[in-house]
Amino acid sequence: MAQIAKIFAGRAQQVLQTAAKQPQLAPRFYCAAATNFQYIKTELAGEKKNVAVITLNRPKALNALCNGLIAEINTTLDKYEKDDSISAIIITGSEKAFAAGADIKEMQPNTYEKCIMGNFLNDWTRVAKCQKPIIAAVNGYALGGGCELAMMCDIIYAGDKAKFGQPEIALGTIPGAGGTQRLTRVVGKSKAMEMCLTGNMINAAEAEKMGLVSKVVPADHLVTEAVKLGEKIGTHSQLIVQLCKESVNTAYETTLQEGLKYERRTFHATFATGDRKEGMTAFVEKRPANFQNN
Ligand code: CAA
């Protein structure tokens, strides 16, 4: 018994030390889960531990997105997607870099044939296909594939010193994971064209003004704010959250008429769920809703 108490005391000490080293995590209790990853760290956050945080962890390469790192993100998303206790996922980096793009050193020897035959970058799309809400919490550089990774997420929060850019043009190539497509849909042709053709970076305030990020917060509060957002989403029915996410994403894939029809039919479909019934009944009865994800 004394031995077990000692193990628990040691574990608590470890968690407190982690929080002390990462002040942005300190205000909320973090449960550091054991992981065997090389390029990322994963943790469960929030009072109910229902917000998963994936931290890119290649500091020496400014979190450049090598194949191994993308594979680790994908494996982790597969796991979280199946885990009913996870309501939202955060992808973040370090204070200096969210991610400085695809790994140029890894990519440098690639050939045209190799890109085509290996369908290079195809596995990056896993993030955009995740059924659960993903929040990008961007501090520092989000360049090239880093900016594209953030845009694959559903919501972007930025630290006040974040910098976004598509600098591929300076490398003799073009964005390959959505920079010319998602960015254009989000900020419009003129801004996207300027960013892609010059390679110039924009700061967090400009990104917010353009609608690329939904909120700018002090850098050291970024993850805490993103966790709060994840927790808020987690108070709703996960079933309905998923339908809502699909409906918003449909706006990017269809004409307005098709999108409106998709939305209307999805709205109708919510009337087949227990959670729609519970949500409206709870409102009428002036009590909090107790969603069951059915
Ligand atoms: N790939 C591989 N390594 C990278 C990298 C990248 N994208 N970005 C930074 N690094 C490495 C550097 O090579 C350096 O490593 P060494 O110490 O071993 O030389 C280390 O990270 C630190 O970088 P810097 O010394 O350059 O740091 P800095 O503070 O002076 O500059 C920076 C920071 C402005 C972000 C600069 O590193 C930079 O311009 N990086 C490249 C950004 C870029 O071009 N991204 C687009 C990549 S292509 C792409 O993403 C294609 C796509 O669409 C998918």
Just checking, does region 55-70 include any residue being in contact with a Lys or Arg (Cβ under 6 Å, 6 or more places away or on another chain), farther than 25 Å from ILE174 by Cα and either at pLDDT 95 or above or more than 12 Å from the ligand (Cβ to nearest atom) (or both)? yes
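Table: residues versus (1) part of a loop (DSSP other than H, G, I, E, B); (2) free of Cβ contacts under 8 Å to residues at least 12 places away in the same chain; (3) among the hydroxyl-bearing types (Ser, Thr, Tyr).
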site	(1), (2), (3)
GLU43	no, no, no
ASN63	yes, no, no
GLY68	no, no, no
CYS115	no, yes, no
PHE120	yes, no, no
VAL127	no, no, no
Of (1) of a type outside the set (Ser, Thr, Tyr); (2) touching a strand residue (DSSP E or B) at 6+ places or on another chain (Cβ under 9 Å); (3) within 12 Å of the ligand (Cβ to nearest atom), ASN122 satisfies all except one. Which? (2)
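For residues that are among the hydrophobic types (A, V, I, L, M, F, W, C) and over 16 Å from VAL186 (Cβ atoms), scanning just region 131-152, find the one that is surrounded by the most Cβ atoms within 10 Å (Cβ to Cβ).
Residues of region 131-152 among the hydrophobic types (A, V, I, L, M, F, W, C): 134-138, 142-143, 147, 149-152.
Those left that are additionally over 16 Å from VAL186 (Cβ atoms): 137, 143.
Numbers: ALA137: 30, LEU143: 25.
So the residue we want is ALA137.
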In region 166-210, what count of residues is obtained for those that are farther than 14 Å from CYS147 by Cα and among the small types (Gly, Ala, Ser)? 5
Just for region 175-191: of the residues that are more than 20 Å from VAL216 (Cα to Cα) and away from the ligand (no atom under 12 Å from the Cβ), which one is surrounded by the most Cβ atoms within 10 Å (Cβ to Cβ)? THR184
May I ask you to list the residues in region 140-174 that are assigned to a loop (DSSP other than H, G, I, E, B), within 21 Å of VAL127 (Cα to Cα) and within 11 Å of the ligand (Cβ to nearest atom)? GLY140, GLY144, GLN166, ILE174
What helices (runs of 4 or more DSSP H), lying completely within region 206-294, carry at least 1 residues that are touching a His at 6+ places or on another chain (Cβ under 6 Å) and among the polar types (S, T, N, Q)? none
Here is a check on your reading of the model: is ALA128 within 12 Å of the ligand (Cβ to nearest atom) and either buried (at least 19 other Cβ atoms within 10 Å of the Cβ) or within 30 Å of GLN292 (Cβ to Cβ) (or both)? no
Of the criteria (1) polar (S, T, N, Q); (2) surrounded by 14 or more Cβ atoms within 10 Å (Cβ to Cβ); (3) more than 15 Å from the chain's Cα centre (by Cα), which one THR92 fails: (3)
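Please determine, by comparing only the residues of region 192-205 that are in a helix (DSSP H, G or I) and within 14 Å of the ligand (Cβ to nearest atom), which one is farthest from GLN131 (Cα to Cα).
So in region 192-205, the residues in a helix (DSSP H, G or I) come out as 192-198, 204-205.
Narrowing further to those that are within 14 Å of the ligand (Cβ to nearest atom): 192, 195-196, 198.
Values: ALA192: 27, MET195: 30, CYS196: 29, THR198: 34 Å.
For region 192-205, the residue satisfying everything is THR198.
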The number of residues in region 70-113 that are assigned to a loop (DSSP other than H, G, I, E, B), within 28 Å of MET201 (Cβ to Cβ) and touching a residue at least 12 places away in the same chain (Cβ under 8 Å) is 7
Do you know which residues across region 82-119 are within 30 Å of HIS236 (Cβ to Cβ) and within 14 Å of the ligand (Cβ to nearest atom)? GLY93, PHE98, ALA99
Which residue out of ALA204, ALA226, ALA289, ALA192 is within 16 Å of ILE156 (Cβ to Cβ), touching an Asp or Glu at 6+ places or on another chain (Cβ under 7 Å) and not charged (D, E, K, R)? ALA204
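The values are calculated or read from the model by the stated rules, or taken from the named source; none is laboratory data. A quick note: this is a predicted structure, and the numbers were derived from the prediction, not measured. Ideal geometry is used to build each Cβ from the backbone, glycine not excepted, and the neighbour counts take in all protein chains shown.
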